[in-house]
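What follows is a short report on a single structure.
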Amino acid sequence: LRMLKLVLLNLRRESCSILSICSMATILRLAAFTFLCSTVAEHCSESDPSCAAKGHELLQKHKGIMKMEADAGTNLMTFEEFEARVKDSYASAQKKLKRSKLLVEQDFRNFHQSAYRVFVKDESCLENVRQAVDHFAATTGLPEELNSTELDALMARVLEEMEIYCKHDHIEDITDPQEQADRFMTDFMETLAHEQPVMTARLMEVIMADSEGNYSLDFPDWLLNFSMLDLHDRTGRENQGNVTHGLLLTQSISYTDNMKKRSLPSSFDSRTHWSNCGEVIGRIHNQGTCGSCWAFGSLSAVDSRLCIATDGIFSGSQAQLSRGFATSCSKPGGGD
């Protein structure tokens, strides 16, 4: 899958001036989409160890989601308490935003130019890559944040992607020294941004220190090689609006003001409230590397409402709308 992803990344750089090349790129993209999204409607059972082993793919999973509360609905929370919790949460978020960012939380392309080693013509393209990664790490102080295993993983990912770029752009064959250096630097900085780690052991420690005991985190093995490119591939449409935390807080307060005449239970489990739809409501879908999170989130709710509306007739292991089909109906460029 990773090699297919890098091939597609390579194809996107082509101008596709020849029809046959365009057709092949289209076929590869469709094949990748079919492979990735044809299985995204799978669901996991807690009793299935092989499925549980793929927990890193279950992007909608939460550790406490399967816990049944026997006394759900019996403890009431006043809106004053709810409002106070919203404000406390906002204050905590503001505090976290003000802390100093680690190196891995910054864009690897935006450091001082001295952090990037220039291309040396007497060295092979991949040897230049190795030296450039070591130079970047030493110059920025990256070893102070990444352990040796994480540094080795970063090096391996950068080499893997840059091997394709070195061949694709024929960097070693470029005769003009300036053009050669510029081409290498463009590819290298793009690759650094792609292969930048999303999470490190040090970053997790910092996040845990800010948790105030409200949550805990694990560092599974697969996260070692989870890069920014991987994250981008699994991310849906980016919000282009100018929504601020203050606006979100104002909206939350408005919601509570509009509902103060009612009381909310401190907990509510729809799986037990509509017990004949518990399987559909509690189902955890495998999103894989499909970035259409909006399809999974919205259709999960629709699945549940269909079951509730039909009093359990729409239920069972096959009672689920196709996420891949819904995604195929979206317009190019993130349109509705």
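Which of the residues that make up the stretch 146-199 are of a type in the set (Ser, Thr, Tyr) and under 14 Å from SER227 (Cα atoms)? Passing the criteria: only THR191. Return yes when SER216 is free of Cβ contacts under 8 Å to residues at least 40 places away in the same chain, under 27 Å from GLN94 (Cβ atoms), in a loop (DSSP other than H, G, I, E, B) and open to solvent by less than 30 Å² (accessible area, probe 1.4 Å) and no when it is not. No; evaluated as a whole, the condition is false for this residue. Across the stretch 170-178, not a single residue is classified as under 25 Å from ARG234 (Cβ atoms), in a helix (DSSP H, G or I), open to solvent by 30 Å² or more (accessible area, probe 1.4 Å) and not β-branched (Val, Ile, Thr).
The rows are residues; the columns are (1) closer than 29 Å to TRP222 by Cα; (2) at pLDDT below 85; (3) loosely packed, with under 15 Cβ neighbours inside 10 Å.
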| site | (1), (2), (3) |
| --- | --- |
| LEU247 | no, yes, yes |
| GLN251 | no, yes, yes |
| THR272 | no, no, no |
| ILE281 | yes, no, no |
| LEU299 | yes, no, no |
| GLY316 | no, no, yes |
| GLY324 | yes, no, no |
| GLY335 | no, yes, yes |
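Can you spot a residue in the stretch 150-164 that is outside any helix (DSSP H, G or I) and either modelled with pLDDT under 95 or closer than 28 Å to ASP221 by Cα (or both)? No; the residues of the stretch 150-164 include none that is outside any helix (DSSP H, G or I) and either modelled with pLDDT under 95 or closer than 28 Å to ASP221 by Cα (or both).
Filtering the stretch 107-134 to residues that are out of contact with any Ser or Thr (no Cβ under 9 Å at 6 or more places or on another chain), open to solvent by 40 Å² or more (accessible area, probe 1.4 Å) and not basic (Lys, Arg) leaves ASP107, ASN110, GLN113, VAL118, VAL120, ASP122, GLU123, SER124, LEU126, GLU127, GLN131, ASP134.
Which residues, taken from the stretch 261-285, are part of a loop (DSSP other than H, G, I, E, B) and out of contact with any His (no Cβ under 6 Å at 6 or more places or on another chain)? Result: LYS261, ARG262, SER263, SER266, SER267, PHE268, ASP269, TRP274.
Only residues that are part of a helix (DSSP H, G or I) and modelled with pLDDT of 95 or more were counted in the stretch 195-204, giving 1. Of the residues making up the stretch 135-149, those that are open to solvent by 40 Å² or more (accessible area, probe 1.4 Å) and part of a helix (DSSP H, G or I) number 7.
Residues of the stretch 114-129 include none that is assigned to a loop (DSSP other than H, G, I, E, B), under 28 Å from PRO220 (Cα atoms) and not basic (Lys, Arg).
For the stretch 286-295, the condition holds for at least one residue, the condition being that it is open to solvent by 50 Å² or more (accessible area, probe 1.4 Å), closer than 29 Å to TRP222 by Cβ and in a helix (DSSP H, G or I).
The values are calculated or read from the model by the stated rules, or taken from the named source; none is laboratory data. Fair warning: this is a prediction, and the values are worked out from it, not measured in the lab. FYI the Cβ positions are ideal-geometry reconstructions off the backbone, even for glycines, and counts take in every protein chain you see. With ligands, DNA and RNA removed, areas are computed over all heavy atoms of the protein, side chains included. Shrake-Rupley method; radii C 1.70, N 1.55, O 1.52, S 1.80 Å.
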